[in-house]
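I'd like to ask you about the structure that follows.
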Amino acid sequence: MNNLDKSKEELIIELNELQAENKSLQEARNKDYTQLLLKSSIESPIDMIILSIDLHYQYLFFNSFHHRIMLKAYGKDVKLGMNLLDCISNVDDREKAKKNYDRALNGESHITIEEYGDIERYYYETRYNPILNDENEVIGATAFSSNVTERKLNELLSLENTQKITSQNKVYLQLYEELAQTNDELRKVKEKAEEGEKKYKLLYDYNPMPMSIFDSESLKFLSVNEAFIDKYGYTREEFLNMTILEIRPDTEIEKLKQSVSLVDKGVTNAGIFLHKKKNGEIIKVEIIRHELMFDNRIAKLVLVNDVSEKIKAEEGLQKSEIRFRNFFINAPVGVNGFDAEGRVISVNSVARNYFGVSETDPLSAYRLFEDPSILDETKWKIKHGQVATEERYIDFKAIRQHGMYMTTKSDQDKIFVKLTYTPYGADINNPEGFIAIIQDITDRRQAEEALVQTSKLLDITSSIAKLGGWELDLISGELYWSKETYRIHEVDISIKPSVASSQSFYAPEAKKQLEAFVQNAIEYGIPWEYELPMSTAKGKQIWVRGKGLCLKENGKVIKLYGFFQDITERKQAEEALLKSKLLLSETEKIGKVGGWEFNIDTMEQIWTDEVYNIHEVELNSNQTVDKGINYYTNECRPVIEKAVQRAIEFGEPFDLELEITTAKGNVRNVHTIGKVDLANRRIYGFFQDLTERKLAEDKIKVLNETLEQKVIERTAQLEEAVKELEAFTYSVSHDLRAPLRHINGFVDLLSEKFQDTLPEKGKHYLDTIADSTRHMGTLIDDLLQFSRTGRQEMHHSKLDMNTLFQEVLKRIKQDVSNRNINWVVGHLPPVVGDYSLLQLVWMNLLSNAVKFSSRIVEARIEIGVKKEENEYVFFVRDNGAGFDMQYAHKLFGVFQRLHSAAEFEGTGIGLANVRRIISKHGGRTWAEAELDKGATFYFSLPKMEVEGRL
Amino acid sequence: MLQLRTILLVEDNPKDVELTLEALSENNLANMVVTVKDGVEAMEYLRYQGQFKARKKENPAVILLDIKMPRMDGIEVLKAIRADEKLKVIPVVMLTSSREEPDLKRSYELGVNAYVVKPVNFKDFMAAVKQIGVFWALLNEIPPEK
């Protein structure tokens, strides 16, 4: 099969379209009024005889009037093909006629007024014209003849009367009455003539076809009818001043002139012309004309038939036919047409190949249907709007041999085809014939058959679905199981199952159920379905699903069949689901959280168990959305209503904490969250009981408030304490210093003013007093400094540690200028901290180092820094007295000293102050030492903070 | 001849008065010193009230003012002096044992002219008082009284 991209259905549709188009075009063609009109003018009530004969006087045409006259005049029933002269029984008449026709047949147009008739005689005015072919050869003659008897009689009578008046004056009066009588008759004749004119008017003036009469010589319009006026848009007056040239486009003038120059022989189809209307529109018209006498002039009666539409229709038809032909011939599928009796009338090349016929072979010998009932069925289907198709094997070899389609059962030389029939012809209920599309679907069919025949594949398929089948023949009592059914039962395939044995796999109760099903099925034909647990032949516990159906014959159930499925896995999953659902509901209970959902359109609502619990209503009791909203307290109801409304209208989610009154009248705080799924038209969310949380929150709130109160109180107490401490420090500073100053002052005055009178011992006492007071002064000052450090506000800034250090070192060096100290100072990194406080640190540490190395001849004091990951570790190392590390913990305490005053002076406040300052900078302080081998004091400052501020 | 004006020493502690006078006497300034024992007396002196009603109408050259005193303390006296049109030009030197910052800060805010922490060491104290006395009593010119 080559190009079968276009499906067969598409081809049928196309074919049907073509047919419909064809039909409408044919109808359009039938609307050809020309013949009709011609006929009507020929059968005109003018009583005009029209006839034409060939060179042998045989009738080519005659109108009914002629037929009538011939019958009346000569008693002859004329027929086409008869010899006109033979039909004229009167010898004289025959002679006259022959003479006149001969003249016409010799190419002469002439008019005669002669008397004819055998039984009745009348005068006829007859115009004879020759009929010319394209080569201007005479091929016949036409006669237009009117009965002019009355006119002739009138003339004759007038003549007779004149004679009578002139020659026989006497009898004039006698004849007067006769004359009057004759005049009377004359009037009657006139009236008759008028009647004829009326009739003429009816035919001409009111004829729906445009008609005009023009002068053959001047080409001037002599008369136009209403339809003509309508058609061209000019008024009658305008027309009567125009020539026929004026309604033609310039291009047509020459053709027209040629055409009118020809002598018309009878009714002439002048051919197709282009005419121009007053509004300039060009129309295509077919001109029918014949010559006549009009007002004693030779004129032409013209009948105009607008064929613009007709030509279009014909062109369309032509195109459609071409398309149809193309489709028919070139369709990639076999197409053949056949008549209503099933005789093949046309085939396209593909179909021809199928049939194996050559283009010259006659087709009518072939029939499409071997069985006429198929044809009837096809017709019936089409009539009822169904697509008539059939699929069957066709043995084309047989067709070639027998000239008939034959269904075949042999595999040899057969193809499987799909035949699609579509009728053609105007009347679909009574088609002229059919077109059949023949599609070779052998490949598809073979694939299908292969699939059906491959039972293995089917088995695999059913085992994947774990779907087994069974069938119970109630007549033979035989039970059939499919392989999968065996497999599910874990029964060996060699064992034949029976109804009883198959039910033995179930527990007694299930067994009863099954028996009832089978009973009902057999008796009443009721199908059944079940899901039951069973144990297999090998004792495995499984769940199975079964379905049973009944097959009836003559109202009696003869067979039960159905399928059988292992649904253990699904059941397990369901159980798991159930468990997880239980778990969920437990979780809900614990969390006091439930879920809800409702459908926006139906307002159907789903609550999880906990939502029911929170509302204190019975589980699964009917709770509508409205009812749900009514649980909210009066203050909260408008809030939730608005939120739900906005959710529905705008898809806005909500998250609200509100109060409800439960079914049991308890007020509960609830947290409801709603989300909108507009795609699925639902709102869902969760619902939480906040009552307990709210209670806890309230408790915390109270606790927090009391805590705050406590903090305020404590702070006040602390502030009081701080104030007291400040007052104390102030007192120490002021009140302790004053007496000390006095002692000092007076001792000084004493030793100065009474220097001469004081014995040596007295002087020594005074020195001791002065020493003690000085020491006490230092103690007080250090203590004040320490207390200030604690209270002092820190002024952090970025510091150059080197400058800061050098200032301190300078002061220290001044104090110990008499000593020989080896200072080793490393480069110190910049830090962030309080300038004066950090100076105090260095001051204390350097003082200590100086102090405790005072007994060393070659004192060495090293200052440096270790850069750790997060901090700088500064150190001051001396080679002085050192200390025992077991007392190191005491080092940084207030008033703690590891050396006696006799060894080294000191107040025991310096290091306490250092620790306090470094702590306030977020650092640490420690020391390493060994007795008599020196000590190292460390302090750290955080690096991160330092860098952050640089 | 330079007209010597008085030095008003406001000090409650007689020991401090004695020591201060000792120090000033070294420069022969002791004679010029009038001593009052608290702020209330100091104000009476300055405003010619009470026992000082009859004294000569003249502001002291300098006031040496202790901070911590009974009744009216040094800070209050300083405040009153600075608020008084007639007194506000008198130089005031705070003499105090306290190194406490709030006092120092407060004093300068109130327009003290100098602030001296009395050293424990008598020699230092002598030096300080001498300098104060000489500078404020002898050298410093104050605007004429209105």
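A:ASP698: within 14 Å of chain B (Cβ to nearest Cβ) and not in a loop (DSSP other than H, G, I, E, B), yes or no? Break it down into steps so the answer makes sense when it comes.
Numbers: within 14 Å of chain B (Cβ to nearest Cβ): no; not in a loop (DSSP other than H, G, I, E, B): yes.
Criteria not met by A:ASP698.
Let me ask another. In the set A:GLU135, A:GLU177, A:GLU150, which member is more than 60 Å from the chain's Cα centre (by Cα), at pLDDT below 85, surrounded by 17 or more Cβ atoms within 10 Å (Cβ to Cβ) and acidic (Asp, Glu)? Give the derivation first.
Numbers: A:GLU135 fails: surrounded by 17 or more Cβ atoms within 10 Å (Cβ to Cβ); A:GLU177 fails: surrounded by 17 or more Cβ atoms within 10 Å (Cβ to Cβ).
That would be A:GLU150, the only listed residue that is more than 60 Å from the chain's Cα centre (by Cα), at pLDDT below 85, surrounded by 17 or more Cβ atoms within 10 Å (Cβ to Cβ) and acidic (Asp, Glu).
Of B:LEU95, B:LEU110, which residue is closer than 30 Å to A:THR789 by Cα, away from every other protein chain (no Cβ under 14 Å) and open to solvent by less than 50 Å² (accessible area, probe 1.4 Å)? Give the steps one after another, and end with the answer.
Values: B:LEU95 fails: away from every other protein chain (no Cβ under 14 Å).
Result of the check over B:LEU95, B:LEU110: B:LEU110.
Can you tell me how many residues in the stretch B:122-145 are at pLDDT below 75 and not hydrophobic (A, V, I, L, M, F, W, C)?
5
Only strands (runs of 3 or more DSSP E) wholly contained in the stretch A:226-343 count here; list those with 1 or more residues that are surrounded by fewer than 19 Cβ atoms within 10 Å (Cβ to Cβ), within 60 Å of the chain's Cα centre (by Cα) and at pLDDT 80 or above.
Numbers: elements: A:268-276, A:282-294, A:297-306, A:334-339.
Answer list for the stretch A:226-343: A:268-276, A:282-294.
Do we find that A:ASN669 is closer than 22 Å to A:ASP609 by Cβ and either assigned to a strand (DSSP E or B) or open to solvent by 30 Å² or more (accessible area, probe 1.4 Å) (or both) in this structure? First the steps, then the outcome.
Values: closer than 22 Å to A:ASP609 by Cβ: yes; either assigned to a strand (DSSP E or B) or open to solvent by 30 Å² or more (accessible area, probe 1.4 Å) (or both): yes.
Answer is yes for this residue.
Answer yes if at least one residue in the stretch A:69-79 is of a type in the set (Phe, Trp, Tyr) and in a strand (DSSP E or B), and no otherwise. Reasoning before the result, please.
Keep residues of the stretch A:69-79 that are of a type in the set (Phe, Trp, Tyr), which gives A:74.
From what's left, in a strand (DSSP E or B): none.
Among the residues of the stretch A:69-79, not one is of a type in the set (Phe, Trp, Tyr) and in a strand (DSSP E or B), which makes the answer no.
I would also like to ask the following. From A:LYS559, A:LYS552, grab the single residue that is of a type in the set (Lys, Arg) and exposed (fewer than 15 other Cβ atoms within 10 Å of the Cβ).
Values: A:LYS559 fails: exposed (fewer than 15 other Cβ atoms within 10 Å of the Cβ).
When all the criteria are applied, what remains is A:LYS552.
Return yes or no: is B:PRO70 within 14 Å of chain A (Cβ to nearest Cβ), under 30 Å from A:GLN785 (Cβ atoms), touching a residue at least 12 places away in the same chain (Cβ under 8 Å) and open to solvent by 10 Å² or more (accessible area, probe 1.4 Å)? Talk me through it step by step, then tell me what you get.
Working: within 14 Å of chain A (Cβ to nearest Cβ): yes; under 30 Å from A:GLN785 (Cβ atoms): yes; touching a residue at least 12 places away in the same chain (Cβ under 8 Å): yes; open to solvent by 10 Å² or more (accessible area, probe 1.4 Å): yes.
Taking the combined requirement at face value, the residue satisfies it.
Residues to consider are A:GLN792, A:GLN755; find the one that is closer than 30 Å to A:PHE875 by Cβ and either open to solvent by 10 Å² or more (accessible area, probe 1.4 Å) or within 60 Å of the chain's Cα centre (by Cα) (or both). Talk me through it step by step, then tell me what you get.
On the way: A:GLN755 fails: closer than 30 Å to A:PHE875 by Cβ.
Every option except A:GLN792 fails the conditions.
OK, next. If I ask for residues that are open to solvent by 60 Å² or more (accessible area, probe 1.4 Å) and more than 8 Å from every other protein chain (Cβ to nearest Cβ), which ones from the stretch B:113-128 would you list?
The first filter runs over the stretch B:113-128 and keeps only residues open to solvent by 60 Å² or more (accessible area, probe 1.4 Å), leaving B:113, B:123-124.
B:ASN113, B:ASP124 - these are the residues of the stretch B:113-128 that are open to solvent by 60 Å² or more (accessible area, probe 1.4 Å) and more than 8 Å from every other protein chain (Cβ to nearest Cβ).
Continuing with this model, one more query. Looking at A:LEU38, A:LEU25, A:LEU84, can you tell me which residue is at pLDDT below 65 and more than 22 Å from A:ASN269 (Cα to Cα)? Quick ask: steps written out before the conclusion?
Working: A:LEU38 fails: more than 22 Å from A:ASN269 (Cα to Cα); A:LEU84 fails: at pLDDT below 65.
Answer to the selection: A:LEU25.
Taking the conditions exactly as written (within 30 Å of A:GLN792 (Cα to Cα) and more than 14 Å from chain A (Cβ to nearest Cβ)), does B:LEU64 satisfy them or not? Lay out the reasoning, then the answer.
Details: within 30 Å of A:GLN792 (Cα to Cα): yes; more than 14 Å from chain A (Cβ to nearest Cβ): yes.
Judged against the criteria, B:LEU64 is a match.
In the stretch A:661-689, what residues are in contact (Cβ under 8 Å) with a residue 24 or more places away in the chain and out of contact with any Gly (no Cβ under 9 Å at 6 or more places or on another chain)?
Across the stretch A:661-689, the qualifying residues are A:THR661, A:THR662, A:ALA663, A:LYS664, A:ASN666, A:VAL667, A:ARG668, A:ASN669, A:VAL670, A:ARG681, A:ARG682.
Let me ask something else about it. Quick one: would you say A:HIS764 is more than 28 Å from A:GLU752 (Cβ to Cβ) and surrounded by fewer than 14 Cβ atoms within 10 Å (Cβ to Cβ)?
On the way: more than 28 Å from A:GLU752 (Cβ to Cβ): no; surrounded by fewer than 14 Cβ atoms within 10 Å (Cβ to Cβ): yes.
No: the conditions fail for A:HIS764.
Let's see how each residue does on (1) within 26 Å of A:ARG737 (Cβ to Cβ); (2) open to solvent by 40 Å² or more (accessible area, probe 1.4 Å); (3) modelled with pLDDT of 90 or more:
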site: B:THR6; (1), (2), (3): no, no, no
site: B:VAL10; (1), (2), (3): yes, no, yes
site: B:ASN28; (1), (2), (3): no, yes, no
site: B:MET43; (1), (2), (3): no, no, yes
site: B:LEU65; (1), (2), (3): yes, no, yes
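Condition first: small (Gly, Ala, Ser) and open to solvent by 80 Å² or more (accessible area, probe 1.4 Å). Now tell me which residues in the stretch A:797-820 satisfy that. Walk me through how you get there before you give the answer.
Taking the stretch A:797-820 and keeping what is small (Gly, Ala, Ser), we get A:797, A:817.
Of everything in the stretch A:797-820, just one residue is small (Gly, Ala, Ser) and open to solvent by 80 Å² or more (accessible area, probe 1.4 Å), namely A:SER817.
Same structure again: Can you pull out the residues in the stretch A:841-858 that are surrounded by 21 or more Cβ atoms within 10 Å (Cβ to Cβ) and touching a helix residue (DSSP H, G or I) at 6+ places or on another chain (Cβ under 8 Å)? So that I can check it myself, show each step before the final result.
Residues of the stretch A:841-858 surrounded by 21 or more Cβ atoms within 10 Å (Cβ to Cβ): A:841-842, A:844-846, A:848-849, A:852-853.
A:VAL841, A:TRP842, A:ASN844, A:LEU845, A:LEU846, A:ASN848, listed by residue number.
Now a separate question. Do any helices (runs of 4 or more DSSP H) lying entirely in the stretch A:731-830 carry at least 1 residues that are away from chain B (no Cβ under 14 Å), and which ones are they?
On the way: elements: A:737-753, A:760-791, A:801-815.
Counting at least 1 such residues, we get A:760-791, A:801-815.
Do you know which residues across the stretch A:229-259 are farther than 17 Å from A:ILE272 by Cα and touching a strand residue (DSSP E or B) at 6+ places or on another chain (Cβ under 7 Å)?
A:ARG236, A:PHE239, A:LEU240, A:MET242, A:THR243
Another question, if that's okay. Spot the failing condition for B:VAL36; the list is (1) modelled with pLDDT of 80 or more; (2) surrounded by fewer than 22 Cβ atoms within 10 Å (Cβ to Cβ); (3) away from chain A (no Cβ under 14 Å), and only one is missed.
Answer for B:VAL36: the failing condition is (2).
Taking A:VAL711 as the residue in question, decide whether it is on the phi < 0 side of the Ramachandran plot, within 14 Å of another protein chain (Cβ to nearest Cβ) and hydrophobic (A, V, I, L, M, F, W, C). Give the steps one after another, and end with the answer.
Values: on the phi < 0 side of the Ramachandran plot: yes; within 14 Å of another protein chain (Cβ to nearest Cβ): no; hydrophobic (A, V, I, L, M, F, W, C): yes.
Spelling it out, it is not the case that A:VAL711 is on the phi < 0 side of the Ramachandran plot, within 14 Å of another protein chain (Cβ to nearest Cβ) and hydrophobic (A, V, I, L, M, F, W, C).
Determine whether the stretch A:869-882 contains at least one residue that is closer than 30 Å to A:HIS795 by Cβ, among the aliphatic types (A, V, I, L, M) and in contact with a Lys or Arg (Cβ under 6 Å, 6 or more places away or on another chain).
Scanning the stretch A:869-882 turns up at least one residue that is closer than 30 Å to A:HIS795 by Cβ, among the aliphatic types (A, V, I, L, M) and in contact with a Lys or Arg (Cβ under 6 Å, 6 or more places away or on another chain).
The values are calculated or read from the model by the stated rules, or taken from the named source; none is laboratory data. Since we're looking at a predicted model, the values are computed, not measured. Positions of Cβ are generated from backbone atoms using ideal geometry, with glycine treated the same way; all protein chains shown enter the neighbour counts. Keep in mind that these areas ignore ligands, DNA and RNA; they rest on the heavy atoms of the full protein, side chains included. Shrake-Rupley method; radii C 1.70, N 1.55, O 1.52, S 1.80 Å.
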